[in-house]
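Worksheet for the structure shown next.
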Amino acid sequence: MNRRELLANSAMILAAMALPTAARTQEPYEAQSFENTIASGPVVVHVYAGWCPVCRAQKPILAKLTKDQALTGVKFVTVDFDKDRQFLRTYRVGNQSVILLFKSGREAARLIGITDAETIRARLLGAL
């Protein structure tokens, strides 16, 4: 390989390394597709209210968990406590600051009011 080819190959490798990876995000709850979503793989649901200080403490923890390699393949959904009343009735959620994990279409874990990042991560991983 001559110097020109080596430089061209090096440039391609560096360009590929710089490409952004698809980041997972916390998607808003959609009633029409939620049953299909939880049937398609593990899903973490955050029941959130903007006025709730515990919810605000949980939000960045869950945002960080969307990037956790141990949770690759897990979808993250946010349910608005004040708007998504049908979800609350269907899944018997009585308050905000609840984190649910659905696995194989069924609830596998329920965390209520927990704001410790390691506890949340450990409980989610333990239920997977």
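The values are calculated or read from the model by the stated rules, or taken from the named source; none is laboratory data. Keep in mind the model is a prediction, meaning the values are calculated, not measured. Methodologically, a virtual Cβ is constructed for each residue, glycine included, from the backbone with ideal geometry; neighbour enumeration extends over all protein chains shown. Ligands, DNA and RNA are stripped out before the accessible areas are found, and what is left, the full protein with its side chains, is counted by its heavy atoms. Shrake-Rupley method; radii C 1.70, N 1.55, O 1.52, S 1.80 Å.
Can you give me the number of residues within the range 49-69 that are open to solvent by 20 Å² or more (accessible area, probe 1.4 Å), of a type in the set (A, V, I, L, M) and within 12 Å of the chain's Cα centre (by Cα)? Lay out the reasoning, then the answer.
First, pick out the residues of the range 49-69 that are open to solvent by 20 Å² or more (accessible area, probe 1.4 Å): 50-51, 53-54, 56-57, 59-61, 63-64, 67-69.
Narrowing further to those that are of a type in the set (A, V, I, L, M): 54, 57, 61, 63.
Remaining after also requiring within 12 Å of the chain's Cα centre (by Cα): 61, 63.
Here the count works out to 2.
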>> If I go through the range 80-103 residue by residue, how many of them are open to solvent by 40 Å² or more (accessible area, probe 1.4 Å) and within 16 Å of the chain's Cα centre (by Cα)?
In response: 2
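Give the residues of the range 69-103 that are within 20 Å of residue 37 (Cβ to Cβ), in a loop (DSSP other than H, G, I, E, B) and not β-branched (Val, Ile, Thr), sorted by residue number. I'd like the intermediate steps shown before the answer.
First, pick out the residues of the range 69-103 that are within 20 Å of residue 37 (Cβ to Cβ): 71-81, 83-93, 98-103.
Okay, now just the ones that are also in a loop (DSSP other than H, G, I, E, B), so 72-74, 81, 83-84, 91-93.
If the condition is that a residue be within 20 Å of residue 37 (Cβ to Cβ), in a loop (DSSP other than H, G, I, E, B) and not β-branched (Val, Ile, Thr), then 73, 81, 83, 84, 91, 92 are the ones that fit.
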>> Need pairs with beta-carbon distance below 7 Å; first residue farther than 23 Å from residue 83 by Cα and within the range 49-69, second outside any loop (DSSP other than H, G, I, E, B) and open to solvent by less than 10 Å² (accessible area, probe 1.4 Å); sequence gap 6+ or separate chains.
In response: 65/71; 66/76
>> Give me the residue from the range 1-22 that is part of a loop (DSSP other than H, G, I, E, B) and at pLDDT 50 or above and, out of that set, nearest to residue 98 (Cα to Cα).
In response: 1
> residue 77: open to solvent by less than 10 Å² (accessible area, probe 1.4 Å) and hydrophobic (A, V, I, L, M, F, W, C), yes or no?
Replying inline: no
> Of everything in the range 104-128 that's assigned to a strand (DSSP E or B) and small (Gly, Ala, Ser), which residue is least open to solvent (accessible area, probe 1.4 Å)?
Replying inline: 109
>> Based on this model, can you work out whether residue 37 counts as surrounded by fewer than 16 Cβ atoms within 10 Å (Cβ to Cβ), among the β-branched types (Val, Ile, Thr) and either at pLDDT below 90 or out of contact with any His (no Cβ under 8 Å at 6 or more places or on another chain) (or both)?
In response: no
> Residue check: is residue 81 of a type in the set (Phe, Trp, Tyr) and touching a residue at least 40 places away in the same chain (Cβ under 8 Å)?
Replying inline: no
